[in-house]
1. List the number of the failed condition for residue 96; all other conditions in (1) part of a helix (DSSP H, G or I); (2) in the same structural domain as residue 131 (by TED's automatic domain parsing); (3) touching a strand residue (DSSP E or B) at 6+ places or on another chain (Cβ under 9 Å) hold.
2. Can you name the residue in the range 49-85 that is in contact with a helix residue (DSSP H, G or I) (Cβ under 7 Å, 6 or more places away or on another chain) and assigned to a strand (DSSP E or B) and, of all such residues, is surrounded by the fewest Cβ atoms within 10 Å (Cβ to Cβ)?
3. Find all pairs meeting these conditions: Cβ atoms under 6 angstrom apart; at least six residues apart or on different chains; first residue within the range 9-33 and crowded, with 18+ Cβ neighbours inside 10 Å; second residue part of a helix (DSSP H, G or I).
4. For the range 99-118, how many residues are in contact with a strand residue (DSSP E or B) (Cβ under 8 Å, 6 or more places away or on another chain), more than 20 Å from residue 61 (Cβ to Cβ) and part of a loop (DSSP other than H, G, I, E, B)?
5. Taking the conditions exactly as written (in the same structural domain as residue 131 (by TED's automatic domain parsing) and over 12 Å from the mean Cα position of the chain (by Cα)), does residue 75 satisfy them or not?
6. Among the residues of the range 77-91, how many are under 16 Å from residue 116 (Cβ atoms) and touching a residue at least 40 places away in the same chain (Cβ under 8 Å)?
7. Give the residues of the range 86-101 that are crowded, with 16+ Cβ neighbours inside 10 Å and more than 23 Å from residue 41 (Cβ to Cβ), sorted by residue number.
8. Mind checking which residues of the range 34-47 are in contact (Cβ under 8 Å) with a residue 24 or more places away in the chain and buried (at least 18 other Cβ atoms within 10 Å of the Cβ)?
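The values are calculated or read from the model by the stated rules, or taken from the named source; none is laboratory data. This is a predicted model, so every value here is computed, not measured. Here the Cβ is made from the backbone with ideal geometry for all residues, glycine too, and neighbour counts use every protein chain on show.
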């Protein structure tokens, strides 16, 4: 959206509020993403665990309980960049936290690494760090 515009053709628009992620083991998946992002659990109820940065600088992620396991490739995923270290160091950290490499049909020449969280939800580690962008 262009600076100074209030919305499409001056009409009220929606605002991104939260990303929801389904999980059989919501506590395990929430703990994984807290470790990956340096976030914390900010709310918890019988259905979802909400995680967010302590300073509220980004929309939260709600990790919500579902009875079934993931079965197909995500239609939406997170792209991450290493921040404060190299991409190789961040890849090793993510793998140590429980991420695993996955093949979703990406070519050998891509500049990112496709990974999955402990329940198979895909995400990408981009080739350039925050500092290189």
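1. For residue 96, the failing item is (3).
2. Going residue by residue through the range 49-85, those that are in contact with a helix residue (DSSP H, G or I) (Cβ under 7 Å, 6 or more places away or on another chain) are 49, 51, 61, 63-65, 81-83.
After this cut, where a residue has to be assigned to a strand (DSSP E or B) as well, the list is 49, 51, 61, 63-65.
Numbers: 49: 23, 51: 25, 61: 22, 63: 30, 64: 17, 65: 15.
Across the range 49-85, the extreme among qualifying residues is 65.
3. The qualifying pairs are 23/29.
4. 4
5. Working: in the same structural domain as residue 131 (by TED's automatic domain parsing): yes; over 12 Å from the mean Cα position of the chain (by Cα): yes.
So residue 75 passes the test.
6. Restricting attention to the range 77-91, the residues satisfying the condition of being under 16 Å from residue 116 (Cβ atoms) are 77-80, 90-91.
Applying the additional criterion that residues be touching a residue at least 40 places away in the same chain (Cβ under 8 Å) yields 77-80.
Final tally of qualifying residues: 4.
7. Correct list: 87, 91.
8. Scanning the range 34-47 gives a single hit, 36.
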